[in-house]
């Protein structure tokens with residue numbers, strides 16, 4: 001039996017699962033997750049803060065407590081949560097506290113927001129294994145935080161890399177992450 005390259009059916013049904021991940025700038029994380037086989041949608045947004053209606057300008061101040069994050073809707077029959085975590089850790093620096101490259105502040109923290117006890121167990125296990133195997137030169141500082149309300153970011157942030165591939169940040173920061181994904185994890189991507 002051949003698996004289809006994209007999920008079938010309505011992503012809002014119970015056949016699909018969700019993951020919420022923060023790996024620095026949400027443009028980067030969205031671009032990485034978007035072409036993974038089994039991923040139906042990726043939305044950029046904000047989570048983990050104390051302001052009821054965050055927006056980009058307020059989150060960028062670092063005072064709202066929110067992280068830039070993505071909500072990934074995926075078909076677990078095609079890609080597992082653990083595989084998504086593996087791609088997440090492989091395509092950002094989980095050893096830098098509140099920073100990814102030139103982006104600094106708590107809004108750029110590396111964080112996982114589990115949506116149930118099993119996701120939390122898997123996240124803790126993946127981090128423990130990566131640290132045990134010393135995959136990174138320094139300890140992982142990725143936090144595991146309670147999943148609060150996910151606020152979808154403004155429209156101009158959605159599909160940012162796909163719509164702006166020639167923009168400086170996209171060329172300098174996002175393109176190398178996407179290239180790394182294609183080089184080392186091509187078997188997990190849509191054909």
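Just give me the residues in the range 98-130 being exposed (fewer than 14 other Cβ atoms within 10 Å of the Cβ) and farther than 20 Å from residue 28 by Cα, in sequence order. First the steps, then the outcome.
Let us first name the residues in the range 98-130 that are exposed (fewer than 14 other Cβ atoms within 10 Å of the Cβ), namely 102, 116-118, 121, 124-125, 128-129.
The answer is 116, 117, 118, 121, 124, 125, 128, 129.
Tell me, yes or no, whether the range 158-166 has at least one residue that is more than 17 Å from residue 35 (Cα to Cα) and surrounded by 19 or more Cβ atoms within 10 Å (Cβ to Cβ). If you could, list the steps in order and put the result at the bottom.
In the first step, residues of the range 158-166 are kept if they are more than 17 Å from residue 35 (Cα to Cα); the result is 166.
Now restrict to residues that are surrounded by 19 or more Cβ atoms within 10 Å (Cβ to Cβ): none.
No: the range 158-166 contains no residue that is more than 17 Å from residue 35 (Cα to Cα) and surrounded by 19 or more Cβ atoms within 10 Å (Cβ to Cβ).
Here are 83, 55: which of them is touching a residue at least 60 places away in the same chain (Cβ under 8 Å) and more than 16 Å from the chain's Cα centre (by Cα)?
Values: 83 fails: more than 16 Å from the chain's Cα centre (by Cα).
None of the other options fit; the residue is 55.
In the range 45-91, how many are assigned to a strand (DSSP E or B) and more than 14 Å from residue 112 (Cα to Cα)? Can you show your working first?
Narrowing the range 45-91 to residues assigned to a strand (DSSP E or B): 45-47, 67-74.
Filter again for more than 14 Å from residue 112 (Cα to Cα), leaving 73-74.
The qualifying residues number 2.
Residue 165 is checked against (1) assigned to a helix (DSSP H, G or I); (2) at pLDDT 95 or above and fails just one. What number does that condition carry?
So residue 165 meets the others, but not (1).
Mind listing just one residue for me: the one in the range 130-145 that is assigned to a loop (DSSP other than H, G, I, E, B) and in contact with a helix residue (DSSP H, G or I) (Cβ under 9 Å, 6 or more places away or on another chain) and, of those, farthest from residue 53 (Cα to Cα)?
So the first thing to find is which residues in the range 130-145 are assigned to a loop (DSSP other than H, G, I, E, B), and the list is 133-142, 145.
Of the ones still in play, those that are also in contact with a helix residue (DSSP H, G or I) (Cβ under 9 Å, 6 or more places away or on another chain) are 135-136, 139-140, 142.
Details: 135: 38, 136: 36, 139: 34, 140: 30, 142: 25 Å.
So, considering only residues that are assigned to a loop (DSSP other than H, G, I, E, B) and in contact with a helix residue (DSSP H, G or I) (Cβ under 9 Å, 6 or more places away or on another chain), the one farthest from residue 53 (Cα to Cα) is 135.
For every residue, the table says whether it meets (1) in a loop (DSSP other than H, G, I, E, B); (2) under 21 Å from residue 76 (Cα atoms); (3) out of contact with any strand residue (DSSP E or B) (no Cβ under 7 Å at 6 or more places or on another chain); (4) modelled with pLDDT under 95.
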position	(1), (2), (3), (4)
121	no, yes, yes, no
124	no, yes, no, no
128	no, no, yes, no
147	yes, yes, no, no
171	no, no, yes, no
177	no, no, yes, yes
186	no, yes, yes, yes
191	yes, yes, yes, yes
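Restricting attention to the range 34-44, and to residues there that are touching a helix residue (DSSP H, G or I) at 6+ places or on another chain (Cβ under 7 Å) and assigned to a strand (DSSP E or B), which single residue is surrounded by the most Cβ atoms within 10 Å (Cβ to Cβ)?
As a first pass, look at the range 34-44 and keep what is touching a helix residue (DSSP H, G or I) at 6+ places or on another chain (Cβ under 7 Å): 36-37, 39, 42, 44.
Next, only the ones that are assigned to a strand (DSSP E or B) stay: 36, 39, 42, 44.
Working: 36: 20, 39: 25, 42: 23, 44: 23.
Looking at residues that are touching a helix residue (DSSP H, G or I) at 6+ places or on another chain (Cβ under 7 Å) and assigned to a strand (DSSP E or B), I get 39.
The values are calculated or read from the model by the stated rules, or taken from the named source; none is laboratory data. Computed from a prediction, not measured in an experiment: that's the story for all the values here. Quick reminder, even Gly has a Cβ in these numbers, built from the backbone with ideal geometry, and neighbours come from all protein chains shown.
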